[in-house]
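Undergrad: Next up is a structure, given as structure tokens.
Every read-out reported here was derived from the displayed coordinates using simple, explicitly stated rules and does not represent laboratory data. Computed from a prediction, not measured in an experiment: that's the story for all the values here. Neighbour counts run over all protein chains shown; Cβ positions are idealised from the backbone, glycine included.
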Amino acid sequence: MGKAVIAIIVILVLLLAFGGMYVSAKNQMVAKNEAIKSNWAQVDNVLQRRADLIPNLVETVKGIAQQEKDVFGAIANARAAMMGARSPQERIAANQQIESALGRLFVIVENYPQLKSNENFLRLQDELAGTENRIAVERKRYNDSIQDYNTFIGQFPNSFFAGIAGFTRNDAYFEAAPESRTVPKVNFGTGSQAPSGSTAPPEPVKK
């Protein structure tokens, strides 16, 4: 067998190996990217549920605290931004506005003791608290899937294959609004208030 034939065979084997590695890496990138989309859909569902609870919550508070127009306006604007957002980045930004506005709403509730005995308000507050917990769970799952994807495409030779296949880093991590980390946590059952600096929602995954 001539040297030329051997060289051709070696080249073909290397090309097949390279092609196999590329196909395998690309399939994994597709799967990880789809996982991000699926996890985002779950985040979006719970964000929508919270947005649906807000109007009734605000109307209940308005019935007792009509003068807090600035807070009501901020909540209305934040909810409108959420409903009009299309991309994950826009939804995440709108979510930060909602968390900040809701934090202000719960702070002013401390000035209206009658709200703490309002059955409708307490029910809505409980539903919102459950939704917030679900958001925290789905947010972490979504952030973890982005981290997994970014780590994979950042490793060699996956980084090389990612460039060929058109996969790029995804930095649309979901973090809570900075203001929400310093909002006093209100206990609606007893009217007690946690020390300043306690967090309202659970701490997000830091990136």
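Undergrad: Step through the residues of the stretch 10-22 one at a time and calculate ³J(HN,Hα) from phi using the Karplus curve (6.51 cos²θ - 1.76 cosθ + 1.60, θ = phi - 60°), rounding each to whole Hz and writing x for Gly and Pro.
TA: For the stretch 10-22, the Karplus curve yields 4, 5, 5, 5, 5, 5, 5, 5, 4, x, x, 5, 5 Hz.
Undergrad: List, in order, the whole-Hz ³J(HN,Hα) value for each residue of the stretch 142-154 obtained from phi through the Karplus relation with A = 6.51, B = -1.76, C = 1.60 and θ = phi - 60°; use x for Gly and Pro.
TA: Karplus values, whole Hz, x for Gly and Pro: 5, 4, 5, 5, 5, 4, 4, 5, 5, 5, 5, 6, x.
Undergrad: When the Cα centres of the stretch 39-54 and the stretch 60-102 are compared, how far apart do they sit, in Å?
TA: 14 Å
Undergrad: Cut-off under 18 Å on the C-alpha distance; same-chain residues fewer than 8 positions from Lys69 excluded. Which aspartates and glutamates are left, in chain and number order?
TA: Result set, ordered by chain and number: Glu59, Glu99, Glu110.
Undergrad: Residue-wise, which Karplus ³J(HN,Hα) couplings in Hz belong to the stretch 48-53, taking 6.51 cos²θ - 1.76 cosθ + 1.60, θ = phi - 60°, and x for glycine or proline?
TA: Calculated HN-Hα couplings, in order: 5, 4, 5, 4, 6, 7 Hz.
Undergrad: If the reach is capped at under 12 angstrom between alpha carbons, list the aspartates and glutamates near Lys62, excluding any in the same chain fewer than eight residues apart.
TA: List returned: Asp70.
Undergrad: Between Asn133 and Leu53, what is the label-to-label distance in nm when each label sits 7 Å out along the Cα-to-Cβ direction?
TA: Reported label-point gap for Asn133 and Leu53 is 1.1 nm.
Undergrad: A follow-up question, please. If each residue of separation counts as 0.36 nm, what is the full-extension length gain between Phe156 and Glu110 once their alpha-carbon separation is subtracted?
TA: 11.1 nm
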